[in-house]
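Beneath this line is the structure, given in structure tokens, with notes to follow.
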Amino acid sequence: MSGRVKAAILVFAVLIISGVVSFVSVVALAGKSDQIFPGVAFKKEDLGNKDWDEARKTLVDYVDSIKNKTIKVKFEGGTGEFRVADIRLQVDENSILDKAWSVGRKGNLLNQWQERKEVARNGREIQAELSFDKDKLNSTLNNLTKEFRIPPRDAKIVVTPSDTVQILESSDGRGFNIEDASDQVKSIINEESDPEITLNTVNIKPAHTTKDLENLRVTGEIASFTTAFNITKTNRVFNIKVAAEALDGKIIKPGQTFSFNEFVGPRSQEAGYKPAPTILNNEFIDSLGGGVCQVSTTLYNALLQADVEILQRSNHSLAVGYVPLGQDAAVAYGGKDLRFKNNLPCAIIIKAFVSGNRVTLKLFGDVALKKTVHIVNNIIKEYPFKIIYKNDATLAEGAQHVDRKGAKGYRVVSRKLIYQNGQLVVQKKLSSSHYAALNQIVLVGTKAASGSPSNGSGGNGGSGPPTTPTTVPEESTPDQPSTQPSTEPPTQPSTEPSTEPPTESPTQPSTEPLTEPPTESPIQPSTEPPNPTPPAEEPGTPSEMPTNDTP
């Protein structure tokens with residue numbers, strides 16, 4: 001090879017190497033620039049040949065132009081409009097600028113150079129969507145259409161003052177498809193389509209339809225019970241009203257379990273209850289909710305008349321006078337409860353109200369299920385009370401004063417007799433009841449007469465009666481059992497049920513005691529205030545929770 005050829009080849013190689021080096025240097029240098037390469041755009045807004053600050057201003061100006069758009073809204077019954085700014089338009093500027101700057105700067109230098117040439121020739125649109133606050137859109141559209149939306153109306157069962165049952169029919173409501181509107185708005189702000197949306201009308205079904213309530217089979221009254229109270233005990237009467245109002249209108253569906261404590265709730269000041277006597281450890285103390293037990297007791301007796309399944313019932317530790325022995329139902333929030341299961345094929349609606357000196361609980365259901373029920377209570381044992389004498393230095397010597405009247409205790413068994421066409425068809429045993437006796441306390445005076453020597457035995461230490469002890473018995477009142485001490489064992493009652501229906505009204509329970517329970521009707525008002533002193537528990541009987549009740 002001649003020297004000239006070799007020289008030419010060498011020159012050519014040097015030129016190639018120089019060109020490559022120059023190309024690499026130019027491509028690499030361009031890649032370090034803070035400018036976006038020509039042809040890059042976002043939503044047709046040119047970002048090429050702009051640094052970050054210039055490109056950001058272009059983005060902000062574009063977003064502001066979208067925010068200032070007004071979107072018209074059409075819907076059944078009216079029209080409206082709102083600005084895009086009202087729905088908080090959102091854009092990730094940094095993400096868009098980062099994507100724009102990255103064009104032509106990825107891969108090896110040759111690939112970068114080829115991409116820059118392609119973008120400069122054909123352009124490159126940065127893919128990113130503007131977004132908005134959907135909750136704000138929903139709120140905006142709801143405000144625009146609030147006068148044109150119609151809420152659905154649930155069917156309701158109404159018990160009239162005359163105790164007839166009416167069903168107020170349900171109706172569909174009218175609303176608008178907000179989800180579909182969201183897609184339309186997204187198209188407007190990202191594709192720059194015509195700024196107008198149409199809200200499609202939708203029917204809204206009620207939660208409870210007329211057919212739903214018809215299927216509950218509530219046609220009329222199936223049971224009722226009333227008890228009386230002393231109207232002069234204002235706080236106690238007030239509490240009875242509060243508890244009755246809490247139960248009024250409640251619906252218990254077939255198979256549903258009812259808890260008095262859950263439905264009525266805590267006996268608190270916030271719930272409206274006032275202090276009144278309640279039973280705690282066989283002593284009366286004032287606490288919130290005294291009197292509520294009379295409402296639970298009245299409900300219990302109405303349930304017995306409807307032959308509903310009783311799951312839990314407790315008697316008071318002391319006998320009460322507003323129902324026959326064996327038919328009370330004590331409650332205490334967090335303790336004793338009245339629970340039942342609606343075992344009927346119909347719903348039960350409770351109507352509870354106070355009128356004068358009486359509280360009434362009525363149950364409504366399928367009148368075809370109404371039964372004739374008679375409650376029989378037998379006293380199988382009496383517990384006589386003792387007379388306790390205590391010296392009292394404030395009374396004249398030899399004088400006596402009954403500080404607390406005594407009352408018998410009882411053990412009672414109860415049965416439910418169900419009649420059909422005048423014939424006894426079923427009898428069911430109810431829960432038994434035990435009421436403790438109350439010892440009578442007599443104060444004996446030890447205060448010496450003026451000028452006479454004192455025996456020095458005042459105070460509470462007297463352990464026995466004087467030479468001729470005297471008790472001061474009082475007659476029973478409708479509010480408490482007899483206070484006479486028992487000296488004879490009760491006669492054992494017959495255990496054979498009658499095969500004839502009772503002569504009393506079938507909806508008013510009666511008792512068949514062996515001895516002397518209260519003789520007044522349980523729905524008769526009291527003529528005297530209740531005895532303020534409760535009977536004590538028998539030895540060994542555990543303390544009771546407060547039962548929220550007075551005699």
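Please treat every number below as a calculation from the coordinates, not as lab data. As the structure is a computational prediction, the values presented were derived from the model and not from experiment. Don't worry about glycine lacking a Cβ; one is built from the backbone with ideal geometry, like all the others, and counts go over all protein chains shown.
Can you tell me how many residues within segment 39-72 are assigned to a loop (DSSP other than H, G, I, E, B), without any contact (Cβ under 8 Å) to a residue 40 or more places away in the chain and farther than 17 Å from Arg124 by Cβ? Qualifying residue count for the region: 2.
Provide a single number: the residues in segment 161-179 that are part of a loop (DSSP other than H, G, I, E, B) and farther than 30 Å from Gly77 by Cα.
4
If you go through segment 231-269 and keep only what is within 19 Å of Asn301 (Cβ to Cβ) and either assigned to a loop (DSSP other than H, G, I, E, B) or among the β-branched types (Val, Ile, Thr) (or both), you end up with Ile240, Asp248, Lys250, Ile252, Val264.
Checking each residue in segment 187-244 for being of a type in the set (S, T, N, Q) and over 28 Å from Val308 (Cα atoms) picks out Ser187, Asn190, Ser193, Thr198, Asn200, Thr201, Asn203, Asn230, Thr232, Thr234, Asn235.
One residue alone among Asp328, Asp337 is surrounded by fewer than 23 Cβ atoms within 10 Å (Cβ to Cβ), assigned to a loop (DSSP other than H, G, I, E, B), in contact (Cβ under 8 Å) with a residue 60 or more places away in the chain and touching a helix residue (DSSP H, G or I) at 6+ places or on another chain (Cβ under 8 Å), and that residue is Asp337. Candidates Ile188, Ile157, Ile126: the one that is in contact with a helix residue (DSSP H, G or I) (Cβ under 9 Å, 6 or more places away or on another chain) and under 30 Å from Thr360 (Cα atoms) is Ile157.
The set of residues in segment 77-97 being over 30 Å from Ile150 (Cβ atoms), under 44 Å from the mean Cα position of the chain (by Cα) and of a type outside the set (A, V, I, L, M, F, W, C) consists of Gln90 alone. Does Asn421 satisfy being over 38 Å from the mean Cα position of the chain (by Cα) and free of Cβ contacts under 8 Å to residues at least 12 places away in the same chain? Yes: the conditions hold for Asn421. The condition of being surrounded by fewer than 24 Cβ atoms within 10 Å (Cβ to Cβ) and within 23 Å of the chain's Cα centre (by Cα) does not hold for Leu280.
Table: residues versus (1) exposed (fewer than 14 other Cβ atoms within 10 Å of the Cβ); (2) within 25 Å of Asp135 (Cα to Cα); (3) of a type in the set (S, T, N, Q).
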residue	(1), (2), (3)
Ile36	no, no, no
Trp52	no, no, no
Val60	yes, yes, no
Asn68	yes, yes, yes
Gln90	yes, yes, yes
Gln112	no, no, yes
